[in-house]
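Reading through the structure tokens given below for one structure.
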Amino acid sequence: MAGRGGHVPLTLLRSTPVRQALLLVAVVAAVNLVSLGGAYLKLRADLVQSIRTDIEEELSGFDLSATPRALSAIVEAKARATDPAKTVLVFLGEDGRQVGNARAVLAGQNLRLVEADRDHALGQAGYIHEARRLSSGILIVAESLAPISDLSNTFLSLLAFSLGPTVLISLGLGVLIARRTARRVEGIERTLDRLSAGDLTARTGTTDGAGDDLGRIGAGVNRLAARQEAATEALRQVTADIAHDLRTPLQRIAVLLHDLGGRLPQGSDAMPLAEQARDEVDRAVSVFHAMLQIAQIEGSNAAARFAPLDLRDTARQMVELYLPAVEDAGDTLVLELPPEPVTVTGDPHLIAQALANLVENALRHTPPGTRISVAVSGGPAGPRLTVADDGPGVPAEEREKVVRRLYRLERSRTTPGHGLGLSLVAAIATLHAATLTLEDNDPGLRARVDFPPAPPAGG
């Protein structure tokens, strides 16, 4: 699964549990921010009001009616006992003389405080001040905003300690739930992919549908697959039984027609009719034989007979077998093989049968003079067996249909065949976990059988 290297994968971020966890975190964070923000603003306003009240009390403690000299002496005495980092006291006389624990610079309505000396440092948080003009000068009282700064720091810490664990816990639980959910969803997707590919034995592994929604979905997929498997198996069995039961009577009819044809006098008007009837019976027998062969492939345990084989040998043998027939038909058959072995694990007889059907299909549905090529290739994507021709080809919209049983193109209905050749190839490919693909050869048709790549060494 992507993302095991330490980062959350993109698919995990698209997971519903993670989205729900993020939404929950956002809601909790918003509620905390609103509640803590409201409390902070209320406490800050109360604190500011308390500071202004302290300033008013401080101003009221001075005898504002005292003479300038007496007021200066009072301010100077009180300023020496007051820390300017907390409270600043300054008296500006009309003669420009200042007394207090700081220096004040007035510029219109603006006030700037400056340290009186190095031993009396001002606070860094700023001040709230009140300047009262007297007949003998200006009295300034300023209170530090350090309590408000401390309040802000306290609320920031409280916000971090309250939101941090909530975010981490919510995200952690969301990721854990999402990982578990993603594994279950991937299991259901793999099962559906296998079912779509024709493997009706695929199951999700869910044994009880009474759990959560994914458990019920998994159990539903299993029930659907089981019913589909049973229905398909029943249909396959009925098809095999019908084909098996009718093949013997048809073979007997063929023998009787052959015997009847031998008893008819030469030149009899009934002779062509008997030969036509015998040909039709032979065709019906071949149809039932092909249907039985497909049913046997789909229902047998042919995988038990699988063994490693070199596709080059199979292709070489089949080309040598069909070369005389191809040359008699006026066509050309070429073989393209790589220098190195191309090994697959399978049933050599069935793979040879699939290749034979592809070559016969090309022979049957192409005009004389067609070039037919049989190619084998390997590579990282897996072994590939290809049969291509430069004949009329198959329209793109018909390529999936011609793999169906008994389906034939309109132009092919006058040619020999029963519409089961490619179905047999598809059944053999599925048995070997391979895929049959029909594509344009520009011109003509190219049929590819792609086998799965070999497992890595040591795997």
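Numbers at a glance
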| item | result |
| --- | --- |
| Qualifying position, being modelled with pLDDT of 75 or more, more than 50 Å from the chain's Cα centre (by Cα), surrounded by 14 or more Cβ atoms within 10 Å (Cβ to Cβ) and in the same structural domain as Leu422 (by TED's automatic domain parsing), among Ala315, Ala329, Ala277, Ala325 | Ala329 |
| Count of the stretch 156-200 residues which are buried (at least 17 other Cβ atoms within 10 Å of the Cβ) and of a type in the set (Phe, Trp, Tyr) | 0 |
| Test: residue in the stretch 122-141 that is within 56 Å of the chain's Cα centre (by Cα) and not small (Gly, Ala, Ser) | yes |
| Arg236, sole failed condition from (1) modelled with pLDDT of 70 or more; (2) over 30 Å from Val25 (Cα atoms); (3) surrounded by 14 or more Cβ atoms within 10 Å (Cβ to Cβ) | (1) |
| Residues within the stretch 332-349 that are in a helix (DSSP H, G or I) and either at pLDDT 90 or above or under 21 Å from Leu363 (Cβ atoms) (or both), tallied | 1 |
| Strands (runs of 3 or more DSSP E) wholly inside the stretch 81-195 containing at least 1 residues that are without any contact (Cβ under 8 Å) to a residue 24 or more places away in the chain and more than 30 Å from Gly37 (Cα to Cα) | 98-100, 102-107, 110-115, 127-134 |
| Neighbours by Cβ (under 6 Å, 6+ apart or cross-chain): first from the stretch 313-337, under 21 Å from Pro368 (Cβ atoms); second part of a loop (DSSP other than H, G, I, E, B) | Gly330/Pro368; Gly330/Gly369; Asp331/Thr370 |
| In the stretch 168-183, residue nearest to the chain's Cα centre (by Cα) [restricted to those that are of a type in the set (Gly, Ala, Ser) and under 20 Å from Gly205 (Cβ atoms)] | Ala182 |
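To keep it simple, each residue is scored yes or no on (1) outside the structural domain of Arg316 (by TED's automatic domain parsing); (2) part of a helix (DSSP H, G or I); (3) modelled with pLDDT of 75 or more.
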site: Leu385; (1), (2), (3): no, no, yes
site: Ala388; (1), (2), (3): no, no, yes
site: Gly391; (1), (2), (3): no, no, yes
site: Arg405; (1), (2), (3): no, no, no
site: Thr414; (1), (2), (3): no, no, no
site: Gly417; (1), (2), (3): no, no, no
site: Leu422; (1), (2), (3): no, yes, yes
site: Val425; (1), (2), (3): no, yes, yes
site: Ile428; (1), (2), (3): no, yes, yes
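The values are calculated or read from the model by the stated rules, or taken from the named source; none is laboratory data. Quick caveat, the model's predicted, so the values are computed rather than measured. Cβ atoms come from the backbone with ideal geometry, glycine included; neighbour counts cover every protein chain shown.
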